Amino acid sequence: MSSVTMGLPMTWRRIPERYGLIGSECESCKTKYFPVRKICPKCRRRGKMRDLKFCGRGKVYSYTVIHSPPSGFELETPYTMAIVELEEGPRLTAQIVDSDITDVKIGTLVQMVFRKIQEDGKEGLIHYGFKFSVVK
Amino acid sequence: MVGIVGYGVHIPRYRIKSEEIARIWGDEGGGVKDGLGIMEKSVPGMDEDAATMAVEASRNAVRYCNINPKRINAIFVGSESHPYAVKPTATIVAEAVGATPHLTAADMQFACKAGTTAIQCCMGMCTSGMIEYGLGIGTDVSQGRPGDALEYSAGAGSAAFIIGNDGVVAEIDGTYSYTTDTPDFWRRPGMDFPSHGGRFTGEPAYFKHTVNASKGLMEKLGLKPSDFDYAVFHQPNGKFPIQVAKMLKIEVGKVKQGLLAPLIGNTYSAASLIGLASVLDVAKPGNRILVTSFGSGAGSDSFCITVTDRILERRGKNRNVIQYIGDKEYLDYGMYVKQRRTLKTL
(Lines give C-alpha, C1' and ligand atoms only; values in the text may rest on other atoms or scores of the structure.)
Protein backbone atom coordinates (compact mmCIF):
# COMPACT_ATOMS: atom_id res chain seq x y z
CA MET A 1 0.00 0.00 0.00
CA SER A 2 2.92 2.37 0.50
CA SER A 3 4.07 4.77 -2.19
CA VAL A 4 7.49 3.11 -2.00
CA THR A 5 5.93 -0.04 -3.42
CA MET A 6 3.06 1.36 -5.44
CA GLY A 7 4.57 4.67 -6.52
CA LEU A 8 3.52 8.25 -6.02
CA PRO A 9 1.42 8.47 -9.22
CA MET A 10 -0.68 5.49 -8.13
CA THR A 11 -1.20 7.01 -4.67
CA TRP A 12 -2.12 10.34 -6.26
CA ARG A 13 -4.58 8.73 -8.69
CA ARG A 14 -6.37 7.04 -5.84
CA ILE A 15 -6.94 10.23 -3.80
CA PRO A 16 -10.55 10.78 -5.01
CA GLU A 17 -11.40 7.16 -4.19
CA ARG A 18 -9.71 7.12 -0.80
CA TYR A 19 -10.64 10.60 0.43
CA GLY A 20 -14.11 10.94 -1.01
CA LEU A 21 -15.40 7.43 -1.77
CA ILE A 22 -15.66 8.24 -5.45
CA GLY A 23 -16.64 5.17 -7.47
CA SER A 24 -18.54 4.61 -10.69
CA GLU A 25 -22.07 4.09 -11.96
CA CYS A 26 -23.03 2.66 -15.33
CA GLU A 27 -25.64 5.00 -16.77
CA SER A 28 -26.98 2.19 -18.95
CA CYS A 29 -27.71 -0.50 -16.38
CA LYS A 30 -27.42 1.68 -13.19
CA THR A 31 -24.98 -0.76 -11.58
CA LYS A 32 -22.70 0.97 -9.08
CA TYR A 33 -19.05 0.08 -8.58
CA PHE A 34 -16.37 0.79 -6.03
CA PRO A 35 -13.54 1.45 -6.74
CA VAL A 36 -13.79 3.27 -10.07
CA ARG A 37 -14.25 1.13 -13.20
CA LYS A 38 -13.63 2.33 -16.71
CA ILE A 39 -15.87 -0.31 -18.31
CA CYS A 40 -19.13 -1.84 -17.08
CA PRO A 41 -18.59 -5.63 -17.10
CA LYS A 42 -22.33 -6.13 -17.69
CA CYS A 43 -22.87 -3.69 -20.55
CA ARG A 44 -19.39 -3.75 -22.08
CA ARG A 45 -19.25 -1.38 -25.03
CA ARG A 46 -22.88 -0.26 -24.52
CA GLY A 47 -22.10 0.91 -20.99
CA LYS A 48 -21.51 4.53 -20.11
CA MET A 49 -19.61 5.07 -16.88
CA ARG A 50 -19.75 8.18 -14.70
CA ASP A 51 -18.16 9.09 -11.38
CA LEU A 52 -20.38 8.53 -8.34
CA LYS A 53 -19.74 9.77 -4.83
CA PHE A 54 -20.97 7.21 -2.31
CA CYS A 55 -22.68 8.53 0.81
CA GLY A 56 -20.32 6.84 3.26
CA ARG A 57 -22.93 4.86 5.18
CA GLY A 58 -23.25 1.11 5.13
CA LYS A 59 -23.38 -2.06 7.18
CA VAL A 60 -20.92 -4.76 8.13
CA TYR A 61 -21.20 -7.66 5.69
CA SER A 62 -18.47 -9.64 7.39
CA TYR A 63 -15.51 -8.95 9.67
CA THR A 64 -12.43 -10.33 11.33
CA VAL A 65 -10.20 -9.24 14.19
CA ILE A 66 -6.53 -8.88 13.30
CA HIS A 67 -3.99 -10.03 15.88
CA SER A 68 -1.10 -10.71 13.51
CA PRO A 69 -0.88 -7.57 11.38
CA PRO A 70 1.06 -6.62 8.27
CA SER A 71 4.03 -4.31 8.61
CA GLY A 72 3.05 -0.81 9.68
CA PHE A 73 0.03 -1.83 11.72
CA GLU A 74 1.79 -3.50 14.68
CA LEU A 75 0.78 -0.84 17.21
CA GLU A 76 -2.90 -1.03 16.36
CA THR A 77 -3.61 -4.67 17.21
CA PRO A 78 -6.08 -6.02 17.92
CA TYR A 79 -8.15 -4.19 15.30
CA THR A 80 -11.19 -5.01 13.21
CA MET A 81 -11.22 -5.31 9.42
CA ALA A 82 -14.61 -5.52 7.79
CA ILE A 83 -16.24 -5.97 4.45
CA VAL A 84 -18.64 -3.04 4.43
CA GLU A 85 -21.70 -3.09 2.19
CA LEU A 86 -22.37 0.50 1.22
CA GLU A 87 -25.96 1.78 1.20
CA GLU A 88 -25.71 2.03 -2.59
CA GLY A 89 -24.72 -1.63 -2.89
CA PRO A 90 -21.00 -2.11 -3.56
CA ARG A 91 -18.79 -3.74 -0.91
CA LEU A 92 -15.34 -2.63 0.18
CA THR A 93 -12.79 -3.67 2.79
CA ALA A 94 -11.95 -1.20 5.54
CA GLN A 95 -10.70 -0.92 9.09
CA ILE A 96 -13.30 -0.25 11.79
CA VAL A 97 -12.05 2.35 14.29
CA ASP A 98 -13.32 4.32 17.30
CA SER A 99 -15.54 1.41 18.20
CA ASP A 100 -15.33 -1.41 20.72
CA ILE A 101 -14.44 -4.70 19.04
CA THR A 102 -17.50 -6.27 20.65
CA ASP A 103 -19.77 -3.68 19.00
CA VAL A 104 -18.92 -4.92 15.51
CA LYS A 105 -21.31 -7.61 14.30
CA ILE A 106 -22.66 -8.69 10.92
CA GLY A 107 -25.26 -6.07 10.01
CA THR A 108 -23.88 -3.33 12.31
CA LEU A 109 -24.42 0.12 10.80
CA VAL A 110 -21.18 1.97 10.07
CA GLN A 111 -20.15 5.32 8.62
CA MET A 112 -17.05 6.53 6.84
CA VAL A 113 -14.40 8.47 8.78
CA PHE A 114 -11.23 10.09 7.47
CA ARG A 115 -8.04 8.65 8.96
CA LYS A 116 -4.35 8.09 8.46
CA ILE A 117 -3.88 4.70 6.83
CA GLN A 118 -0.11 4.34 6.80
CA GLU A 119 3.13 6.32 6.78
CA ASP A 120 6.16 5.63 4.59
CA GLY A 121 8.52 5.85 7.56
CA LYS A 122 9.36 9.15 9.22
CA GLU A 123 10.44 10.90 6.01
CA GLY A 124 7.98 9.52 3.48
CA LEU A 125 4.45 10.25 2.46
CA ILE A 126 1.51 9.96 4.85
CA HIS A 127 -1.35 8.03 3.28
CA TYR A 128 -4.85 9.16 4.23
CA GLY A 129 -8.19 7.66 3.40
CA PHE A 130 -11.44 6.10 4.53
CA LYS A 131 -12.01 3.89 7.51
CA PHE A 132 -15.35 3.22 9.15
CA SER A 133 -16.78 3.59 12.65
CA VAL A 134 -19.89 2.11 14.23
CA VAL A 135 -22.88 4.49 14.07
CA LYS A 136 -23.79 5.61 17.60
CA MET B 1 -22.90 41.16 6.68
CA VAL B 2 -20.07 38.65 6.83
CA GLY B 3 -20.55 35.86 9.32
CA ILE B 4 -20.60 32.17 10.13
CA VAL B 5 -22.49 30.10 7.56
CA GLY B 6 -21.61 26.72 8.99
CA TYR B 7 -19.46 25.15 11.67
CA GLY B 8 -18.36 21.73 12.80
CA VAL B 9 -16.01 20.16 15.31
CA HIS B 10 -14.15 16.94 15.87
CA ILE B 11 -12.96 15.74 19.27
CA PRO B 12 -11.15 12.40 19.45
CA ARG B 13 -12.77 9.62 21.44
CA TYR B 14 -9.96 8.88 23.85
CA ARG B 15 -9.41 10.53 27.26
CA ILE B 16 -6.88 10.33 30.04
CA LYS B 17 -7.63 11.59 33.54
CA SER B 18 -5.33 14.10 35.26
CA GLU B 19 -5.21 11.74 38.22
CA GLU B 20 -3.81 8.95 36.02
CA ILE B 21 -0.98 11.19 34.77
CA ALA B 22 -0.34 12.39 38.33
CA ARG B 23 -0.10 8.76 39.51
CA ILE B 24 2.89 8.18 37.20
CA TRP B 25 4.84 11.29 38.19
CA GLY B 26 4.12 11.18 41.89
CA ASP B 27 2.03 14.34 41.87
CA GLU B 28 -1.03 14.67 44.05
CA GLY B 29 -3.89 13.93 41.62
CA GLY B 30 -6.57 16.01 43.29
CA GLY B 31 -4.19 18.94 43.64
CA VAL B 32 -3.29 18.88 39.94
CA LYS B 33 -6.95 18.63 38.97
CA ASP B 34 -7.90 21.57 41.14
CA GLY B 35 -4.79 23.57 40.34
CA LEU B 36 -5.23 23.41 36.56
CA GLY B 37 -8.99 23.00 36.48
CA ILE B 38 -8.56 20.03 34.12
CA MET B 39 -10.25 16.74 35.04
CA GLU B 40 -9.30 14.89 31.86
CA LYS B 41 -8.02 15.62 28.38
CA SER B 42 -8.68 14.34 24.89
CA VAL B 43 -6.13 12.06 23.23
CA PRO B 44 -6.00 11.44 19.47
CA GLY B 45 -6.42 7.92 18.09
CA MET B 46 -3.31 6.26 16.66
CA ASP B 47 -4.48 7.12 13.16
CA GLU B 48 -5.52 10.71 13.87
CA ASP B 49 -3.52 13.86 13.28
CA ALA B 50 -4.23 17.55 12.71
CA ALA B 51 -5.20 16.85 9.08
CA THR B 52 -7.64 14.00 9.73
CA MET B 53 -9.37 15.97 12.49
CA ALA B 54 -9.56 19.07 10.27
CA VAL B 55 -11.25 16.97 7.59
CA GLU B 56 -13.80 15.55 10.04
CA ALA B 57 -14.62 19.01 11.44
CA SER B 58 -14.84 20.51 7.95
CA ARG B 59 -17.14 17.76 6.68
CA ASN B 60 -19.39 18.46 9.67
CA ALA B 61 -19.36 22.18 8.80
CA VAL B 62 -20.29 21.53 5.16
CA ARG B 63 -23.05 19.12 6.23
CA TYR B 64 -24.37 21.74 8.67
CA CYS B 65 -25.01 24.38 6.00
CA ASN B 66 -25.41 22.03 3.05
CA ILE B 67 -23.54 24.22 0.58
CA ASN B 68 -21.84 22.90 -2.53
CA PRO B 69 -18.19 22.63 -1.39
CA LYS B 70 -17.08 23.92 -4.80
CA ARG B 71 -18.30 27.34 -3.61
CA ILE B 72 -15.57 27.37 -0.93
CA ASN B 73 -12.87 29.46 -2.60
CA ALA B 74 -10.34 29.64 0.24
CA ILE B 75 -9.21 27.24 2.96
CA PHE B 76 -6.83 28.25 5.74
CA VAL B 77 -5.76 25.71 8.35
CA GLY B 78 -4.33 26.98 11.61
CA SER B 79 -2.27 24.49 13.63
CA GLU B 80 1.01 24.10 15.46
CA SER B 81 1.05 20.37 14.70
CA HIS B 82 0.70 20.19 10.91
CA PRO B 83 1.61 16.62 9.90
CA TYR B 84 4.12 17.82 7.32
CA ALA B 85 6.77 20.50 7.81
CA VAL B 86 6.47 21.15 4.08
CA LYS B 87 3.25 20.16 2.28
CA PRO B 88 0.01 21.82 3.17
CA THR B 89 -2.65 20.37 5.42
CA ALA B 90 -5.05 22.69 3.60
CA THR B 91 -4.79 20.77 0.32
CA ILE B 92 -5.68 17.52 2.10
CA VAL B 93 -8.75 19.20 3.60
CA ALA B 94 -9.68 20.83 0.27
CA GLU B 95 -9.56 17.51 -1.55
CA ALA B 96 -11.40 15.62 1.18
CA VAL B 97 -14.31 18.08 1.38
CA GLY B 98 -14.55 18.30 -2.41
CA ALA B 99 -13.54 21.96 -2.77
CA THR B 100 -10.71 21.45 -5.28
CA PRO B 101 -9.41 22.74 -7.63
CA HIS B 102 -10.68 26.32 -7.97
CA LEU B 103 -9.63 27.76 -4.62
CA THR B 104 -6.69 29.16 -2.72
CA ALA B 105 -5.38 27.32 0.32
CA ALA B 106 -2.62 27.69 2.90
CA ASP B 107 -1.51 26.57 6.34
CA MET B 108 -1.05 28.95 9.23
CA GLN B 109 0.87 28.75 12.47
CA PHE B 110 0.60 31.03 15.49
CA ALA B 111 0.69 28.66 18.47
CA CYS B 112 -2.91 28.47 19.75
CA LYS B 113 -4.47 31.29 17.74
CA ALA B 114 -3.87 30.42 14.07
CA GLY B 115 -7.46 29.15 13.73
CA THR B 116 -9.02 32.51 14.57
CA THR B 117 -6.54 34.24 12.25
CA ALA B 118 -7.66 31.84 9.50
CA ILE B 119 -11.22 33.07 10.10
CA GLN B 120 -10.09 36.71 9.91
CA CYS B 121 -8.48 35.99 6.52
CA CYS B 122 -11.71 34.43 5.27
CA MET B 123 -13.68 37.43 6.57
CA GLY B 124 -11.47 39.85 4.66
CA MET B 125 -11.68 37.88 1.43
CA CYS B 126 -15.47 37.52 1.68
CA THR B 127 -15.99 41.18 2.53
CA SER B 128 -13.79 42.33 -0.36
CA GLY B 129 -15.66 40.08 -2.76
CA MET B 130 -12.61 37.97 -3.61
CA ILE B 131 -14.38 34.78 -2.59
CA GLU B 132 -17.91 33.50 -1.96
CA TYR B 133 -17.16 31.26 1.02
CA GLY B 134 -14.00 30.65 3.03
CA LEU B 135 -13.19 27.80 5.40
CA GLY B 136 -11.15 28.69 8.49
CA ILE B 137 -9.95 25.82 10.66
CA GLY B 138 -8.16 25.44 13.98
CA THR B 139 -6.82 21.92 14.55
CA ASP B 140 -4.17 20.44 16.80
CA VAL B 141 -2.76 17.28 18.29
CA SER B 142 -0.73 19.18 20.81
CA GLN B 143 2.41 17.86 22.44
CA GLY B 144 3.48 17.86 26.07
CA ARG B 145 6.79 16.51 27.30
CA PRO B 146 6.27 13.51 29.61
CA GLY B 147 6.45 14.74 33.19
CA ASP B 148 6.00 18.41 32.21
CA ALA B 149 3.01 20.43 33.41
CA LEU B 150 1.86 20.57 29.77
CA GLU B 151 1.30 16.83 29.78
CA TYR B 152 -1.80 17.40 31.91
CA SER B 153 -3.31 19.89 29.48
CA ALA B 154 -2.15 19.18 25.90
CA GLY B 155 -5.27 17.77 24.23
CA ALA B 156 -6.50 17.27 20.67
CA GLY B 157 -9.41 18.63 18.67
CA SER B 158 -10.52 20.55 15.63
CA ALA B 159 -13.09 23.18 14.70
CA ALA B 160 -14.02 24.42 11.23
CA PHE B 161 -16.00 27.53 10.34
CA ILE B 162 -17.43 28.37 6.92
CA ILE B 163 -17.43 32.14 6.51
CA GLY B 164 -19.55 33.99 3.97
CA ASN B 165 -21.92 36.88 3.33
CA ASP B 166 -25.09 34.89 2.62
CA GLY B 167 -27.02 32.50 4.80
CA VAL B 168 -25.19 33.32 8.02
CA VAL B 169 -26.25 31.74 11.32
CA ALA B 170 -24.20 34.32 13.21
CA GLU B 171 -22.94 37.70 12.04
CA ILE B 172 -19.39 38.74 12.86
CA ASP B 173 -19.88 42.36 13.91
CA GLY B 174 -16.19 43.10 14.24
CA THR B 175 -12.75 41.77 15.06
CA TYR B 176 -9.74 43.27 16.79
CA SER B 177 -6.24 41.87 17.32
CA TYR B 178 -3.44 42.61 19.76
CA THR B 179 0.05 41.30 18.99
CA THR B 180 3.55 41.68 20.48
CA ASP B 181 6.78 39.68 20.40
CA THR B 182 6.57 37.82 23.71
CA PRO B 183 8.67 34.65 24.13
CA ASP B 184 6.39 32.65 26.45
CA PHE B 185 6.23 29.33 24.56
CA TRP B 186 7.98 27.93 21.50
CA ARG B 187 9.15 24.79 19.69
CA ARG B 188 12.30 24.78 17.58
CA PRO B 189 12.45 22.83 14.27
CA GLY B 190 12.95 19.10 14.71
CA MET B 191 12.03 19.15 18.39
CA ASP B 192 9.29 16.80 19.53
CA PHE B 193 8.11 18.91 22.45
CA PRO B 194 7.67 22.61 23.09
CA SER B 195 9.45 24.69 25.73
CA HIS B 196 7.72 27.33 27.81
CA GLY B 197 8.35 30.04 30.34
CA GLY B 198 6.29 28.53 33.17
CA ARG B 199 4.57 31.36 35.03
CA PHE B 200 5.76 33.80 32.36
CA THR B 201 3.04 32.35 30.11
CA GLY B 202 0.43 33.99 32.37
CA GLU B 203 0.59 37.70 33.16
CA PRO B 204 2.76 39.13 30.32
CA ALA B 205 1.44 36.67 27.76
CA TYR B 206 -2.08 35.19 28.12
CA PHE B 207 -3.67 37.84 30.32
CA LYS B 208 -2.09 40.91 28.73
CA HIS B 209 -3.03 39.92 25.17
CA THR B 210 -6.45 38.47 25.93
CA VAL B 211 -7.51 41.47 27.98
CA ASN B 212 -6.17 44.05 25.54
CA ALA B 213 -7.71 42.41 22.48
CA SER B 214 -11.10 42.08 24.23
CA LYS B 215 -11.00 45.68 25.49
CA GLY B 216 -9.87 46.93 22.09
CA LEU B 217 -12.80 45.18 20.42
CA MET B 218 -15.33 46.59 22.86
CA GLU B 219 -13.90 50.07 22.43
CA LYS B 220 -13.95 49.76 18.62
CA LEU B 221 -17.58 48.64 18.59
CA GLY B 222 -18.76 50.84 21.46
CA LEU B 223 -19.78 47.85 23.60
CA LYS B 224 -19.40 47.08 27.28
CA PRO B 225 -18.94 43.71 29.04
CA SER B 226 -22.61 43.51 30.03
CA ASP B 227 -23.62 43.68 26.33
CA PHE B 228 -22.45 40.08 25.82
CA ASP B 229 -24.53 36.99 26.60
CA TYR B 230 -21.59 34.59 26.29
CA ALA B 231 -17.82 34.93 26.42
CA VAL B 232 -15.31 32.41 25.09
CA PHE B 233 -11.60 32.71 25.77
CA HIS B 234 -8.61 30.62 24.86
CA GLN B 235 -8.35 27.92 27.50
CA PRO B 236 -4.85 26.63 28.25
CA ASN B 237 -6.38 25.29 31.46
CA GLY B 238 -9.71 25.51 33.23
CA LYS B 239 -8.80 28.52 35.36
CA PHE B 240 -7.35 31.23 33.09
CA PRO B 241 -10.63 31.92 31.22
CA ILE B 242 -12.43 32.46 34.53
CA GLN B 243 -9.68 34.80 35.74
CA VAL B 244 -9.70 36.78 32.50
CA ALA B 245 -13.50 37.12 32.67
CA LYS B 246 -13.15 38.60 36.15
CA MET B 247 -10.46 41.00 34.90
CA LEU B 248 -12.82 42.12 32.13
CA LYS B 249 -15.76 42.32 34.56
CA ILE B 250 -17.71 39.69 32.63
CA GLU B 251 -19.97 37.46 34.72
CA VAL B 252 -18.33 34.07 35.21
CA GLY B 253 -21.58 32.31 34.30
CA LYS B 254 -21.28 33.64 30.74
CA VAL B 255 -18.00 31.76 30.26
CA LYS B 256 -19.16 28.29 31.29
CA GLN B 257 -20.86 27.10 28.06
CA GLY B 258 -17.69 27.75 26.07
CA LEU B 259 -15.26 26.46 28.68
CA LEU B 260 -14.33 22.90 27.74
CA ALA B 261 -10.74 22.64 28.96
CA PRO B 262 -11.87 20.83 32.15
CA LEU B 263 -13.23 18.01 29.96
CA ILE B 264 -10.89 17.87 26.94
CA GLY B 265 -7.81 19.87 27.97
CA ASN B 266 -6.22 22.55 25.84
CA THR B 267 -6.91 21.84 22.18
CA TYR B 268 -4.58 24.67 21.14
CA SER B 269 -5.64 26.20 17.79
CA ALA B 270 -9.07 24.64 18.21
CA ALA B 271 -9.63 25.63 21.85
CA SER B 272 -11.48 28.93 21.57
CA LEU B 273 -13.23 27.74 18.39
CA ILE B 274 -14.61 24.54 19.94
CA GLY B 275 -15.75 26.80 22.78
CA LEU B 276 -17.54 29.01 20.25
CA ALA B 277 -19.12 25.95 18.62
CA SER B 278 -20.39 24.83 22.03
CA VAL B 279 -22.03 28.24 22.51
CA LEU B 280 -23.55 28.20 19.00
CA ASP B 281 -25.00 24.76 19.80
CA VAL B 282 -27.30 26.38 22.38
CA ALA B 283 -27.39 30.13 21.64
CA LYS B 284 -30.63 31.90 20.79
CA PRO B 285 -31.16 34.39 17.96
CA GLY B 286 -29.97 37.81 19.06
CA ASN B 287 -27.43 36.50 21.56
CA ARG B 288 -24.11 38.34 21.41
CA ILE B 289 -20.89 36.36 21.90
CA LEU B 290 -17.40 37.62 22.71
CA VAL B 291 -14.63 35.28 21.49
CA THR B 292 -10.97 36.00 22.20
CA SER B 293 -8.22 33.59 21.25
CA PHE B 294 -4.64 33.63 22.45
CA GLY B 295 -1.54 32.32 20.77
CA SER B 296 1.85 32.25 22.42
CA GLY B 297 4.52 34.34 20.89
CA ALA B 298 2.12 36.23 21.37
CA GLY B 299 -1.22 37.59 20.21
CA SER B 300 -4.99 37.54 20.56
CA ASP B 301 -7.83 37.88 18.06
CA SER B 302 -11.13 39.07 19.47
CA PHE B 303 -14.53 38.78 17.76
CA CYS B 304 -18.02 40.08 18.44
CA ILE B 305 -20.60 37.63 17.06
CA THR B 306 -24.38 38.02 16.97
CA VAL B 307 -26.58 34.96 16.42
CA THR B 308 -29.28 35.19 13.71
CA ASP B 309 -32.71 33.52 13.43
CA ARG B 310 -31.32 31.05 10.90
CA ILE B 311 -29.48 29.14 13.63
CA LEU B 312 -32.74 27.51 14.73
CA GLU B 313 -33.34 25.98 11.25
CA ARG B 314 -29.86 24.47 11.15
CA ARG B 315 -29.62 23.16 14.69
CA GLY B 316 -29.49 19.39 14.99
CA LYS B 317 -28.05 18.88 11.50
CA ASN B 318 -24.79 17.80 13.00
CA ARG B 319 -23.07 15.98 15.82
CA ASN B 320 -22.67 18.72 18.43
CA VAL B 321 -19.91 19.41 20.94
CA ILE B 322 -21.63 17.70 23.86
CA GLN B 323 -22.15 14.52 21.80
CA TYR B 324 -18.45 14.43 20.94
CA ILE B 325 -17.48 15.01 24.56
CA GLY B 326 -19.86 12.32 25.80
CA ASP B 327 -18.51 9.62 23.48
CA LYS B 328 -15.31 8.64 25.24
CA GLU B 329 -13.00 5.81 26.20
CA TYR B 330 -10.45 6.14 28.96
CA LEU B 331 -6.81 5.20 28.52
CA ASP B 332 -4.38 4.29 31.25
CA TYR B 333 -0.93 5.89 31.08
CA GLY B 334 0.61 2.86 29.39
CA MET B 335 -1.88 2.93 26.53
CA TYR B 336 -1.53 6.73 26.38
CA VAL B 337 2.23 6.45 25.88
CA LYS B 338 1.71 3.87 23.14
CA GLN B 339 -0.99 5.88 21.44
CA ARG B 340 0.98 9.14 21.52
CA ARG B 341 4.18 7.28 20.59
CA THR B 342 6.17 9.07 23.26
CA LEU B 343 8.37 6.01 23.84
CA LYS B 344 11.56 6.39 21.78
CA THR B 345 11.24 2.92 20.30
CA LEU B 346 7.81 3.71 18.84
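The values are calculated or read from the model by the stated rules, or taken from the named source; none is laboratory data. Just so it is clear, the structure is predicted and the values come from calculations on it, not from any experiment. When we count neighbours, we look across all protein chains shown, and the Cβ atoms used for this are built from the backbone with ideal geometry, even at glycine. All accessible areas refer to the heavy atoms of the entire protein, side chains included, with ligands and DNA or RNA removed. Shrake-Rupley method; radii C 1.70, N 1.55, O 1.52, S 1.80 Å.
Picking from A:Arg91, A:Arg45, A:Arg57, which is most flexible by a Gaussian network model of chain A using Cα springs under 10 Å?
Residue with maximal mean-square fluctuation among A:Arg91, A:Arg45, A:Arg57: A:Arg45.
Through the Karplus equation 6.51 cos²θ - 1.76 cosθ + 1.60, θ set to phi - 60°, convert the phi angles of the range B:104-114 into ³J(HN,Hα) values in whole Hz; use x for Gly and Pro.
With coefficients 6.51, -1.76 and 1.60, one gets 9, 8, 7, 9, 10, 9, 7, 6, 8, 10, 5 Hz.
For chain A, what's the relative contact order in percent, using C-alpha pairs closer than 8 Å and at least 6 residues apart?
Once divided by the residue count of chain A, the mean separation gives 22 percent.
Buried accessible area for the A:B pair, summed, 1.4 Å probe, in Å² rounded to 100?
Buried area between the two chains comes out at roughly 1900 Å².
What is the range A:56-134's relative contact order, in percent, from Cα pairs under 8 angstrom and six or more apart in sequence?
31 percent
Among residues other than B:Arg187 whose Cβ falls under 11 Å from its Cβ, what is the net charge (Lys/Arg +1, Asp/Glu -1)?
Surrounding charge for B:Arg187 is 0.
Compare each residue of the range A:18-51 in its chain alone against the assembly with all protein chains, and report those whose accessible area goes down by 50 Å² or more; 1.4 Å probe, heavy atoms.
A:Tyr19
What does the charge count near A:Lys122 come to, summing +1 for each Lys or Arg and -1 for each Asp or Glu among other residues with Cβ under 12 Å from its Cβ?
-3
In the range B:59-182, what % of DSSP beta bridges are antiparallel (nearest 5)?
Of the beta bridges lying entirely in the range B:59-182, close to 45 percent run antiparallel.
Given the pairs A:Lys136/B:Lys256; B:Lys41/B:Lys317; B:Lys220/B:Lys256; B:Lys33/B:Lys249; A:Lys122/B:Lys344, which are separated by over 21 angstrom at their Cα positions?
Long pairs (Cα-Cα over 21 Å): A:Lys136/B:Lys256; B:Lys41/B:Lys317; B:Lys220/B:Lys256; B:Lys33/B:Lys249.
Whole number in Å², please: accessible area per residue of the protein assembly as shown, 1.4 Å probe, ligands, DNA and RNA not counted.
Accessible area per residue: 43 Å².
Tally Lys and Arg at +1 and Asp and Glu at -1 over the other residues with C-beta under 15 Å from the C-beta of B:Arg199: what net charge comes out?
-1
Taking chain A as a Gaussian network, Cα atoms linked when under 10 Å apart, which of A:Pro35, A:Pro69, A:Pro90 shows the biggest mean-square fluctuation?
Residue with maximal mean-square fluctuation among A:Pro35, A:Pro69, A:Pro90: A:Pro69.
Nearest-5 percent of antiparallel DSSP beta bridges in the range A:8-116?
The answer is about 100 percent antiparallel.
Please give the Cα centre distance for the range B:22-55 versus the range A:21-46, rounded to the nearest Å.
Each part's Cα centre sits 47 Å from the other's.
Taking every DSSP beta bridge with both residues inside the protein assembly as shown, roughly what % is antiparallel (nearest 5)?
So the antiparallel bridges in the protein assembly as shown amount to around 80 percent.
Within the range B:1-337, what whole-number % of the accessible surface is contributed by carbon and sulfur, with the 1.4 Å probe and all protein chains included in the calculation?
C and S atoms contribute 52 percent here.
Under a cut-off of 16 Å between alpha-carbon atoms, report the lysines in cross-link reach of A:Lys38, not counting same-chain residues fewer than 8 places apart.
Partners within reach: A:Lys30, A:Lys48, A:Lys53.
Could you check which residue among A:Val84, A:Val65, A:Val110 shows the biggest mean-square fluctuation in a GNM of chain A with a 10 Å Cα cutoff?
A:Val65
Which whole-number percentage describes the relative contact order of the range A:29-96, with Cα contacts under 8 Å and a sequence gap of 6 or more?
The value is 29 percent.
Report the Cα centroid-to-centroid distance between the range B:221-253 and the range B:300-342 in angstrom, as an integer.
If you average the Cα positions of each part, the centres end up 20 Å apart.
Report, in whole Å, the centroid distance computed from the Cα atoms of the range A:119-136 and the range B:71-146.
Answer, in whole Å: 20.
Can you list residues from other chains, or at least 5 along the same chain, whose modelled amide H is less than 5 Å from the amide H of B:Lys113?
The list, which skips near neighbours in sequence, is B:Gly295, B:Ser296.
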